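The values are calculated or read from the model by the stated rules, or taken from the named source; none is laboratory data. What you see is a predicted model, and the numbers here were worked out from it, not measured in a lab. Because the Cβ atoms are built from the backbone with ideal geometry, glycine has one as well, and the counts that use them run over all protein chains shown. The accessibility values were calculated without ligands, DNA or RNA, using every heavy atom of the protein model including side chains. Shrake-Rupley method; radii C 1.70, N 1.55, O 1.52, S 1.80 Å.
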Amino acid sequence: MEEKYRGTFLAVILFSCALGIVFAHNLHISILTLTAIFAVFFIAAIILFYKKSPRIYPLFLIIFFLIGAIRFTDIMTLSQNDISRFAGEEIHIIGTITEEPRITEKNENLRARYTLEIKEIEQFNERKKAVGKVYFYAPYKGENAKIGDTLEAFANIKKVRPAGNPGAYDRFTHFLSEGITAEAFGGKSGVKIIEGDEYPVLRKAAEIRLHYKEAMEKVMPKEDAAAIFAMLFGGYSGLKEELVEAFTVTGIVHILSVSGSHISMLAVVIAYLGKIFRLPKIFLTLLIIIIISFYTMLAGFVPPALRAAVMGSLAFFGAAIERDADAKRALTLVALAFLLYNPLLLLHISFELSFLATAGLICLTPKLTKIFTSYRVPYALSASFALTIGATLLTIPIVAYYFHRLSISSLLANLLVVPIVEFIIVIGLFAGIVAFILPFFGGVIFLFDSLILGIVYELTRLLAKMPYGSIYLPTMGVFLSAVYYLLFIPILLEESIREKLRNILEPYKKSFGLFCIIFALIGLTLIFTRPKEAMFAFIDVGQGDAMVVKTPNGKAFMLDTGGVRDGAFDVGAKVDVPFLLYHDITELNYIFLTHAHEDHAAGAGGILKHIPVKAVITANEGIDAYQKSMKVSQNVMEKTTFSVPNKGDVFTIDGVKVEVLYAPKTAAGENEMSNLYRVSYGAASVLVTGDMVKDDEEKLAANGEDIHATILKVGHHGSKTSSSVEFLKSVSPKFAVISVGADNSFGHPHSDTLKNLTENGAKIFRTDRDGAIYFYTDGEKIRTEKYFKNP
């Protein structure tokens, strides 16, 4: 193969490997079958190689496709001794601590999270070898645990569950890509720590990080120390929520973790100093590699830091050597090596953003810089804008999928804030070194760093409040994302390939233009002629209820929002809002709450902070009960319209009707206060019961109330306190939805409830098994979808 085609061929190999991973992820073919197919093509490739046939090149693509599929299938096939095999059991675990314990506060109690490499387990007085890594959670009682120590404890083992909703953070993929195969939960019996000597390098790195943290906390507020520590070594522990939000809005949140930009910045500073001291190029290159390796070690050699080190180094050396072709090939080979080592990275947001941003820096930034400077924009400004735009352009589909927001203010943030942050990082690293030798002077430098951080706070908040500082990005989907990236191919390809393609396509350019027009017209016709449907969606919010209704013309409202009782996890902001944005819902007409229990109402607090809501309809429990459940400020409450409906009230939103069938004014308990809503579009309807108890259900049935519905949201998560036989006969649902947490401690849904529903002829859906559940209707026909296709 000619030299000029090798870079493009490498890129196609990478694409083939990625396709193989996606193929295996979706089709679940056995590893034996894939290996047999691979053997056939590999033998064919050997034969063609000896014959020096050019047909070998397509075979290479098939072989790497199969390698990607085999590697993915292999990594998903866990050992028979893996700790996850003991899910649902309480066992005695013995493992080595591989990361610093993370201490958090929950309901005024401290809790520790340990990362353990499991060595053995003990069950029924018998010790067995076990493998795998777990996150182990236990009450923190002041244990002095360090990396390399052995931990022993009794623990309940739970499998890591995949995300149950589209657009959500997938803990399962993220954890597995980091080697975590299960979670373990300790009890009051505590943990036993035995001092060990494994991982001495990581242990020393942790001691150095602790030195930095303690030195900073002596001279500055803890929140400032947490922010500078995050900039130096990554992590969000102790950070102000408003700071993280401001950094997110301005598109520089990557600064709060060890990213490629950290590595590039370090390399630039060292290169600049090397230029001043006139160091030889070979010596300077070695010095940069050594310092980057040392910094990565300080960050704990965690996978994100390793990826950042490689990607950041590539971005720096790509710019330094000013040879696009070499930098592109290096990036392709590194990405291929990462995927072959850990194919789950393809589904990991950190890898996706790192790879695409680095590709943008290498491929687009030089071209954009030339364009800006051609318009007489100063080089410093041109380079800054080109860096931001180049990295942003190739990440837009990923940003749209996960964040649904494109930061416009990031141009200014990268120009004004990032240089200051880079200065803070350099000064911070230097201050830590000084503090080792001269603690007083190190503290003075850290104090200076803290003062500069104040400027960053104010600038970031100001930029975050800019009108149109960020714009909403709808989810693009697979097809639009593919079209988007196809538009960049002419830019990303090497000049010789572009020229060859131009010559091939030149005679057909009119035909190709006509094809594109016809294709676009067909697409627009399909979009505008498809039948208008309403969407009834039940979100997987764990042990809670949340339903979204989207009308045929795009209006939306919710019935209950989910939540957790201890408030440790914001279901509204982290589950409901991403689900809404994924479905292009940026405003809610109403939130209807059945009652004030946190597992039904707490999520509304997070929604109110992020998405405009015209009104919140509640049960008659008093506004204070809802403020307590939602955990929002008085200011948020005063800005929101709350109202209590009466039985018989009807709300109509774009042809979708919400009837209040039951609205008690007083009741013996909180569950008895549940409002009963029926949502209807044409002949299709959903009955939303909240936690309504059997006594109330039976009264409605005995009084002959019209409570029939096509779909029943089963009361109280399938508890035996709801879903009486008489009630189910009156409702007569075709479908029943149980919103329930996986492996919940309440035993929901109860076997009696499942029996009653089945005998009543209802088809049962469950969020713990099906994930998010969808019903689409044109007012007559109903079609169903489940997020988990193979539960």
| request: Starting with the highest mean, order 462-473, 271-282 by the number of other Cβ atoms within 10 Å, averaged over the residues of each peptide. | output: 462-473, 271-282
| remark: The set of residues whose placed amide H lies less than 5 Å from the amide H of ALA163, leaving out same-chain residues fewer than 5 positions away, is ARG171, PHE172, THR173
| said: Restricting to Cα pairs below 8 Å that are 6+ residues apart, what does the relative contact order work out to for the chain? Please round to a whole percent. | reply: 9
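How much of the accessible area of the chain, probe 1.4 Å, is carbon plus sulfur, in whole percent?
Values: 24340 of 38950 Å².
Carbon and sulfur together cover 62 percent of it.
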| request: With an 8 Å cut-off on Cα pairs and a minimum separation of 6 or more residues, tell me the relative contact order of segment 404-490 in percent. | output: 46
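Between SER511 and ILE489, what is the FRET efficiency for a Förster distance of 22 Å, r being their Cβ-Cβ separation, to the nearest 0.05? Each step should come with its number before you reach the end.
Numbers: r = 19 Å, r/R0 = 0.88.
That pair, SER511 with ILE489, gives E of 0.70.
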| For PHE440 and LEU406, what does the FRET efficiency come to when R0 = 60 Å and r is the distance between their Cβ atoms, rounded to the nearest 0.05? | 0.85
| field | Pairwise centroid distance, computed over Cα atoms, of segment 382-442 with segment 683-749, Å | value | 52
| Between helix 365-374 and the chain: long-axis angle, C-alpha atoms, 0 to 90°, nearest 10 | 80
| remark: Surpassing 20 Å at the alpha-carbon level, of the pairs LYS158/LYS763; LYS106/LYS159; LYS240/LYS465; LYS657/LYS755; LYS755/LYS789, are LYS158/LYS763; LYS106/LYS159; LYS657/LYS755; LYS755/LYS789
| request: Answer rounded, prolate or oblate for segment 633-791, using the Cα gyration tensor with square roots of eigenvalues a ≥ b ≥ c: rounded when a/c is under 1.5, else prolate when a/b is larger than b/c, else oblate. | output: rounded
| What are the residues whose amide H is under 5 Å from the amide H of ILE653, where those residues sit 5 or more places off or on another chain and H is modelled from the backbone? | VAL658
| request: Could you run the Karplus curve 6.51 cos²θ - 1.76 cosθ + 1.60 with θ = phi - 60° over segment 455-461 and give me ³J(HN,Hα) per residue in whole Hz, x for Gly and Pro? | output: 5, 4, 3, 5, 4, 5, 4
| request: Quick one: which residues, 5+ away or cross-chain, put their amide H under 5 Å from the amide H of ARG766? H built at 1.01 Å from N. | output: ILE738
| task | Treating cross-link reach as a plain straight distance, find the lysines whose alpha-carbon is under 27 Å from the alpha-carbon of LYS52, omitting any fewer than eight places away in the same chain. | result | LYS4, LYS500
| said: Whole angstrom only: what separates the Cα centroid of segment 294-311 from the Cα centroid of segment 619-645? | reply: 46
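Counting only other residues whose beta carbon sits under 9 Å from that of VAL686, what net charge do I get with K and R as +1, D and E as -1?
Working: positive: ARG678, LYS713; negative: none.
Net local charge, VAL686 excluded: +2.
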